[in-house]
Amino acid sequence: MVTVSTQNEPINTYLIHCSWPVCFSLSIDPELSLEHDSFRLFAGESVTLKCDIRNGSVTDWLYEFNRNGRQIAPITANKSFSMNLTADLGGDYQCIAHRKGLESFTKESNNLTLSVSADTATIPEGGRVNLTCSVEDSASWKYDWFIRAPDANKAANRTNAAQNFISISEEGIYWCRGRRGNPAFFTGHSEIFYIEKKLSGHVTVKLQHNWTQVFSGEMISIRCEIQGGRNNEWEYEWRTTSSNAPPTQEEHSITASVSDSGDYWCKGRRGLYSSTDWSNALTLKVSYKPRPRAMADRRVITVGGNANLTCSMENSAEWEFFWFRHTSNFSEIQVNGDGKPDRVISISQGGLYFCRGGRGEPVNFTDDSDVVAIENRVSSRAAVSLHPNWPLIFAGETITVTCGIYSGGNADWVYGWSKPNSDTVPTNNGFTIINASASSSGNYSCMGRHKQDLFSTTEWSDVITLTVLERRPKAHLSASRGVVPVGGSVTLICSVRLSSSGWKYYWYRGRKISGAEEIESSSAGEISVSERGLYWCRGGRGDRLYYTEYSDSISIDRIDTNRPVVTRQPNWPVIYYGETISLRCEIHGGNTAWAYEWMTTRSSKLSTQSEVSVTVRYSSDSYWCKGRMKSALQHATEWSFAFKLPECDRRTHPVLTVSPSWLSPGASVTLSCEVEHPSAGWRFYWYKAAPDLHSYLYTYEPLPGSMRETEESSYIIHGQAETAGYGCIAGRGDPVYYSDYSEAQFVWSGDFHPSTAVTVIPGRVQHFTSESVSLKSDGNFSEWSWMNSPRQRNYNEDFFNLWNMYSSIYDIYSHSPYNGVYWCVSGSGEFSNAVNITIHDGHILLVSPVHPVNEGSSVTLSCKLRRGNFTATVAFYKNDKVIQNGDKEELTITAVSKSDEGFYKCEHSGEVSPQSWMSVKYELNASTSSLPVSLLVGLVIGGLLAVILTMSLICWCTKSNESH
């Protein structure tokens with residue numbers, strides 16, 4: 001065996017071989033083979049890989065060559081690939097055939113394993129190295145030396161040399177053999193020894209861009225830089241851990257992908273046997289495209305205002321930002337297309353905004369951010385109207401709801417609606433409810449959007465409330481008298497009790513069951529008739545005529561002689577149980593003095609006067625009268641036709657309304673008392689009411705000395721600063737008949753009561769959910785009742801919530817977080833001031849004073865976040881109009897006046913707080929009276945209280961044995 005070694009250390013011998021069983025095994029199409037004239041491969045040799053297609057035309061394919069799963073040559077039509085072997089080019093080789101026109105269709109070849117090995121040594125540039133050749137176990141050898149230099153083929157360097165070593169300074173592949181005797185006997189060749197010259201020069205790998213991070217899709221260049229020598233003298237060799245092998249050029253330009261991530265090394269080479277050291281590794285990390293975040297300091301742009309949009313992402317300084325807006329047809333418009341991309345822009349138009357980041361040349365864009373919806377409020381204002389605009393609508397009626405936009409026309413708008421039944425929401429300016437029902441009841445409001453820009457909108461209109469009653473109303477018919485006098489007529493009055501708006505009335509004569517004659521129709525509600533018969537009526541209204549139920553019938557008789565007629569006074573449309581009326585016996589014809597006789601179903605003798613008083617208790621009673629000449633009592637008229645008492649009705653229940661319900665100190669409140677028939681001789685009595693604190697049911701009765709009387713159905717309270725309940729009753733006739741008490745209505749005042757005052761801890765109107773809120777009463781009492789009135793009353797919910805306690809502190813959160821108005825009442829019936837509490841589930845609220853503020857004092861309102869800090873401008877609104885917009889989180893009014901009173905709210909980054917009322921108070925003149933009407937005299941009050949006790953009985957209309 002012949003070995004070659006350097007002078008100072010033995011060199012390992014590495015075989016160069018090919019795994020031939022693998023190389024020549026049959027495989028599927030295609031087949032990879034090696035074109036070489038030897039079974040042994042050495043560094044420095046040139047080899048050719050060939051990819052053969054066994055089926056199909058060779059020209060139908062493109063070829064790709066890989067080593068260890070990484071591409072080493074671009075895809076071409078050349079089915080052969082040649083390379084000069086170096087010691088590090090061993091590995092698994094494979095070719096992949098791509099079908100032309102169907103690049104996704106590929107065929108993979110067999111794997112071909114190449115091993116390239118050699119003993120190696122390096123020569124520093126300008127240095128030398130000694131090689132030694134030895135033959136074991138014998139002597140007398142001479143030596144032949146061979147070299148394959150870069151510029152020469154296989155050649156003998158020295159032959160028949162007596163020395164077994166040589167000193168060399170040139171790179172190449174060296175081997176030797178031994179010889180002795182004559183003729184010469186030769187040993188076999190030694191293993192090759194690979195000598196590489198190490199060239200001087202510092203090698204570094206540099207990235208073109210100094211970015212913190214590289215993202216997929218960006219164009220980058222990786223450059224191999226060698227200090228020393230001219231660039232055109234070098235060939236470049238690359239090594240990488242990425243899945244994509246770089247080419248052999250000085251600069252590696254790629255459109256980055258995640259698969260390019262890895263470490264990169266390079267070195268310079270001059271020929272096969274001269275190279276620099278490998279550079280240090282450059283680590284390249286390619287990430288998927290980032291996505292920026294778009295934010296807005298507000299989501300709604302008020303009239304004449306603007307909004308700031310911010311595009312942000314990690315390492316924002318390395319990027320330019322581009323903004324885009326979608327309009328109503330979703331076309332994409334670049335907002336900052338003037339060549340000045342900005343991270344923050346100011347906008348005054350509504351739309352769907354999003355941003356992208358971009359950098360590099362050509363520009364590589366990030367993914368789009370999420371969209372931010374911005375609405376732009378325009379100066380036009382929307383308003384909802386109902387047609388017909390009747391106070392009450394009945395089930396089955398037709399009503400049209402219309403949205404009008406002022407100063408904008410109708411042609412340019414698409415309409416948005418907020419309505420109780422939102423299953424279908426129209427987009428035009430109105431809709432018709434054909435058959436109204438109870439589900440149609442509720443609040444209606446609308447707004448408009450520009451047809452060409454759906455994000456330019458009006459403010460929402462004020463709410464209009466529609467009330468629909470399920471029960472069809474019934475017409476009520478009354479007559480001025482039951483008998484048509486000689487030559488006269490009777491007035492019939494038709495009315496609808498629940499609502500008097502828009503009705504037209506239809507009268508009929510005859511029996512309903514056999515068909516009746518329509519005798520007249522009018523909108524006045526009354527007609528005159530002079531014929532006897534059975535009369536009845538009904539009401540109808542609307543473009544699609546809606547009818548009430550028919551009234552009860554009235555029978556009208558006619559007097560053809562001087563038969564007496566029974567009439568009643570007063571002739572009110574409705575008589576209530578317990579009222580007193582007068583019946584008069586009228587005899588027509590002549591001036592005879594008459595003595596009168598009366599008869600009723602309960603008694604045959606009542607009076608001898610022409611008029612009797614009757615307390616109505618039983619509607620089935622009938623009355624007759626006749627006259628006798630005083631000068632000749634034997635001469636008498638016939639008995640009159642029977643006069644049947646009108647049907648008695650239940651006791652009327654007035655409805656009290658208050659406006660406004662929240663009383664500012666020094667302001668006025670108007671009370672209105674509504675009865676079913678306001679023109680029927682009523683007088684009105686007003687009083688303060690107190691609840692019965694010893695039960696959970698509320699019976700509101702007048703406080704002593706609080707009763708006032710007026711002829712008008714409305715009453716004004718001037719400057720009343722005390723929280724109190726108010727009620728009304730109505731009365732008429734002589735003796736006076738009184739209605740039931742109305743349901744009490746409360747007027748709340750935030751001003752402190754002299755005897756007891758409620759404070760809020762913490763001292764503000766609005767509070768976040770989960771916060772602890774306490775109410776504290778400062779009065780010196782041992783028993784308290786805390787009350788709450790929800791702002792939005794539900795039909796199935798008691799108007800008041802009551803908690804009887806023996807503590808002056810009430811914890812709202814520990815009970816239930818009700819919004820609404822809170823006050824307390826002492827055990828002796830004294831009311832505190834009221835406080836308005838809002839429990840908010842959002843992220844922002846307004847800090848505002850709970851109690852009225854003194855005129856002339858300084859007040860500060862502020863905006864509060866549930867968590868975090870303010871990152872954008874803060875806007876303050878009064879009555880929905882912006883009054884401050886900037887970096888300040890507070891709004892200060894240095895000297896409050898009455899004009900500052902109103903609803904306030906704040907906004908930050910599109911989040912809006914609830915609104916709260918700020919009340920301003922000033923001192924009233926000492927002479928101002930809260931109840932200017934004088935008290936009723938004590939006798940009247942005593943009589944009134946007695947009547948009220950009588951009114952507590954339940955009204956029913958049944959017969960009894962009572963005689964009149």
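A compact table of results
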| item | result |
| --- | --- |
| Listed residues 429, 450, 467: farthest to the positive end of the dipole of segment 393-517 (Cβ charges) | 467 |
| Segment 439-541: trypsin sites (Lys or Arg not before Pro) in DSSP loop, at most 13 other beta carbons within 10 Å | 451, 471, 511 |
| Dmax and Rg, reported as Rg then Dmax, of segment 373-414 (C-alpha, Å) | 14.5, 41 |
| Using distinct alpha-carbon pairs, which all enter the 1/r mean, Kirkwood radius of segment 137-227 in Å | 17.4 |
| Segment 371-462, accessible surface, carbon-and-sulfur percent (1.4 angstrom probe) | 49 |
| In Å², nearest 10: area of residue 610 left accessible to a 1.4 Å probe | 40 |
| Integer Hz, Karplus 6.51/-1.76/1.60 couplings in order for segment 845-856, x for Gly and Pro | 9, 9, 8, 9, x, 6, 9, x, 9, 6, 4, x |
| Estimated FRET transfer efficiency (residue 615, residue 462; beta-carbon r; R0 60 Å; 0.05) | 0.75 |
| Test item: Cα-centred dipole of segment 237-389, Lys/Arg +1 and Asp/Glu -1 on Cβ, debye | 400 |
| Net charge of Cβ neighbours under 11 Å - reference residue 499; Lys, Arg +1; Asp, Glu -1 | 0 |
| Charge dipole magnitude, Cβ of K and R +1, D and E -1 - segment 71-194, Cα centre, debye nearest 20 | 500 |
| Aspartates and glutamates with Cα under 15 Å of residue 630, excluding same-chain neighbours fewer than 8 positions away | 597 |
| Neighbour net charge for residue 262 - beta-carbon separation under 13 angstrom, K R +1, D E -1 | +1 |
| Computed label-point distance, nm, for sites residue 253 and residue 289 using a 7 Å Cα→Cβ extension | 2.2 |
| Long-range HN-HN contacts of residue 394 with modeled amide H, under 5 Å | 469 |
| Subset of 864/921; 451/905; 419/451 violating a 24 Å alpha-carbon distance limit | 864/921; 451/905 |
| Accessible area expressed per residue, segment 391-536, with surrounding protein chains retained (probe 1.4 Å, Å²) | 48 |
| Charge dipole of segment 105-223 about the Cα centre (unit charges at C-beta), most positive-ward option of 165, 106, 203 | 165 |
| Cα-based equivalent ellipsoid of segment 422-479: semi-axis lengths in Å, sorted from largest, via gyration tensor | 35, 12, 10 |
| Vicinal HN-Hα couplings computed from phi for segment 874-885 (Karplus, 6.51 cos²θ - 1.76 cosθ + 1.60; Hz; Gly/Pro x) | 10, 10, 10, 10, 10, 6, 6, 10, 5, 10, 7, 8 |
| Qualifying lysines (Cα of each under 16 Å from Cα of residue 504; at least 8 residues distant if same chain) | 474 |
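The values are calculated or read from the model by the stated rules, or taken from the named source; none is laboratory data. Everything quoted here is computed from the prediction, not taken from an experiment. Virtual Cβ from ideal backbone geometry, glycine too; neighbours counted across all protein chains shown. We work out accessible area using only protein heavy atoms, side chains counted, and drop any ligands, DNA or RNA first. Shrake-Rupley method; radii C 1.70, N 1.55, O 1.52, S 1.80 Å.
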